[in-house]
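Contents: one structure, followed by commentary.
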């Protein structure tokens, strides 16, 4: 299990390859990559991600540990960036490894839902219409009820 | 949408990076990679994947088209190998790109379920206990009912 | 009519070849199977448990009662195990 | 007791600083919020809609009625938007 919270970019493909390497007894690897995309309105110039150093790592480790236990994962990885990001940049990724695809999928989906609403990150968007903190969506909170 | 059926290995990480590149309006990329793993019993020496040239590409394209339409994907990719494979080798991958993570996850999960039971591939395992065709699992057929 | 008949996986192994041209008047897949089973023991054995056999006509999965009028290629194989 | 109090995102912006040491006898998070709101308008404004405020005590998410006995760090922030 690996948790990395960093300002620096990461190489999604390299991380995928490293994660999937040397896994003779893993049948399934699922990965997710989140990308900075255009907002509902306006043109995005920049995104800034604030986080809570210390708590962020704790919260992510707890979520990853829960997923690992619940789905019997062989491994999982979470990388999340903070600081300024441009449109198209990769914000974060998760990866899960399991014998069976259903466990790898469910665990990655779970990690994303919890990470989205339970890890202390906040996004601020700068668009041609001004600055604003991204509001949490009811749908994201509701998604947690699935688990 | 890209479908590739090939004997040659593919580079999972390179494919992930290429797939996730230049996606300013994509929020979410999900990828799955299937890896040759040890069977329930015995030690695996080799796996051989047989397929039905022509029908394979047709079946995969149809499944990918259904996923694209149903979840409004911006893109999807399916790569599946055939021929002899060693334990730990990467058999196949899928990737989906969407604005929202729930669509990217559901579409990738759907692609895998259908590809598993509706695309004409057959696996034969050579273990220290002999040769044998991998039997289809009831669970795989049952998984299709979810959709 | 002449049909290309293909066999995959253990059906191919039991029958002993991957494909053959069959001259038949069979109107459905079922009728074709009946003809093939009457040929030789290895065919009879290969088709003895139809729950374990799938069929595609012109590269589309279908049922055993699918008509063969106009068909060019019929393939028989076990349940698929991709992914 | 002395508490490190942290603010993030728009709570930080409204209050005007990211952290401060607060000397308080507040027994719960709620009581601490009441004390902070009484200080100045900017605090009062920042905490005016508690539905939009989340709290962590010693880096664990918790409720407003969580006791502060033994706590060292309290953080206030809006609902999280990671991923």
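Points to keep in mind about this one:
- Residues of region A:118-143 that turn out to be free of Cβ contacts under 8 Å to residues at least 60 places away in the same chain and more than 22 Å from residue D:14 (Cα to Cα), as a count: 7
- Flag for residue A:96 being surrounded by fewer than 22 Cβ atoms within 10 Å (Cβ to Cβ), touching a strand residue (DSSP E or B) at 6+ places or on another chain (Cβ under 8 Å) and touching a residue at least 12 places away in the same chain (Cβ under 8 Å): no
- Note on region B:85-117: residues that are assigned to a strand (DSSP E or B) and within 8 Å of another protein chain (Cβ to nearest Cβ) amount to 3.
- The criterion of at least 3 residues that are in contact with a helix residue (DSSP H, G or I) (Cβ under 6 Å, 6 or more places away or on another chain) is met, among helices (runs of 4 or more DSSP H) falling completely within chain D, by D:9-15, D:41-46.
- Flag set for residue B:61, criterion: under 30 Å from residue C:60 (Cα atoms) and surrounded by fewer than 22 Cβ atoms within 10 Å (Cβ to Cβ).
- Here residue A:50 meets each of (1) closer than 27 Å to residue C:82 by Cα; (2) at the interface with another protein chain (Cβ under 8 Å from one of its Cβ atoms); (3) at pLDDT 95 or above with one exception, condition (1).
- Scanning region D:65-74 for any residue that is surrounded by 19 or more Cβ atoms within 10 Å (Cβ to Cβ), touching a residue at least 40 places away in the same chain (Cβ under 8 Å) and farther than 25 Å from residue A:62 by Cα turns up nothing.
- Residues in region C:1-14 that are crowded, with 16+ Cβ neighbours inside 10 Å and more than 14 Å from chain B (Cβ to nearest Cβ): C:3 alone.
- One residue stands out in region B:118-141 among those that are loosely packed, with under 14 Cβ neighbours inside 10 Å and in contact with a strand residue (DSSP E or B) (Cβ under 8 Å, 6 or more places away or on another chain): the one that is farthest from the other protein chains (Cβ to nearest Cβ), namely B:128.
- Exclusive hit being part of a strand (DSSP E or B) and at pLDDT 95 or above, set B:123, B:62: B:123
- In region D:20-40, the count of residues that are more than 13 Å from the chain's Cα centre (by Cα) and within 14 Å of chain A (Cβ to nearest Cβ) is zero.
- If only residues of region A:5-35 that are under 17 Å from residue A:84 (Cα atoms) and more than 8 Å from every other protein chain (Cβ to nearest Cβ) are counted, the one that is surrounded by the most Cβ atoms within 10 Å (Cβ to Cβ) is A:5.
The values are calculated or read from the model by the stated rules, or taken from the named source; none is laboratory data. Predicted, not measured: the structure shown is a model, and the values here were computed from it. So basically every Cβ, Gly included, is an ideal-geometry build from the backbone, and we count neighbours across all protein chains shown.
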